[in-house]
Structures are given as structure tokens and as C-alpha cells.
Amino acid sequence: MVKGDKLASEAFERVKTHLVANGVDLEQTTPTVGPWLTFDPKAERFTGTLSEEANKLVKREYRAPYVIPDQV
């Protein structure tokens, strides 16, 4: 999916540059890209394929008194 998307491809190239600059040998450690996700900024939720799993990672369950309110 990265090869067909100019912005994603450019971002991935920046990540690879960063990894190499920090001593990561890309011949030995192959980068792995996760699934492509779409995001609804107004609802602040992922939509589409795998959205249910992704939305579980947006916010976790906190224990009192360390609770973050829904509206900040």
C-alpha cells in the first residue's frame, strides 16, 4: 500500500533514513508496516477495516483517581 501512496511512501523513506542514521541495519532488520487505517478526525475514531481493533488502542481503562475525562 505504501508504494501506491505518494505521502505514505515519502513518510516511509523518512523513517528508513531515521533508522539508518540511528544505527539500524535494514538488511538485518526489515521494517514492518501495519495495516492501512482510515481516521475520522471529527469523531476521533478509526473507520473501516480493522477499526474495531484500532479503536481499542485509542484510549485505555484508567483506575481512579487517575482517570482522564472524556472531554479535556
Restricting attention to the range 19-40, and to residues there that are under 30 Å from Val58 (Cβ atoms) and open to solvent by 100 Å² or more (accessible area, probe 1.4 Å), which single residue is nearest to the chain's Cα centre (by Cα)?
Trp36
Does at least one position in the range 52-64 carry a residue that is among the polar types (S, T, N, Q), in a helix (DSSP H, G or I), over 17 Å from the mean Cα position of the chain (by Cα) and surrounded by 10 or more Cβ atoms within 10 Å (Cβ to Cβ)?
no
Return the pairs, sorted by first residue and then second, in which the second residue is open to solvent by less than 60 Å² (accessible area, probe 1.4 Å), the first residue lies in the range 9-23 and is under 14 Å from Val33 (Cβ atoms), the beta carbons are less than 8 Å apart, and the residues are 6+ apart or on different chains.
Ser9/Val2; Phe12/Val2; Phe12/Pro31; Val15/Pro31; Lys16/Leu26; Lys16/Pro31; Leu19/Leu26; Leu19/Pro31
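The values are calculated or read from the model by the stated rules, or taken from the named source; none is laboratory data. Keep in mind the model is a prediction, meaning the values are calculated, not measured. With ideal geometry, Cβ positions are generated from the backbone for all residues, glycine too; neighbour counts draw on all protein chains shown. For accessibility, only protein heavy atoms count, side chains too; no ligands or nucleic acids. Shrake-Rupley method; radii C 1.70, N 1.55, O 1.52, S 1.80 Å.
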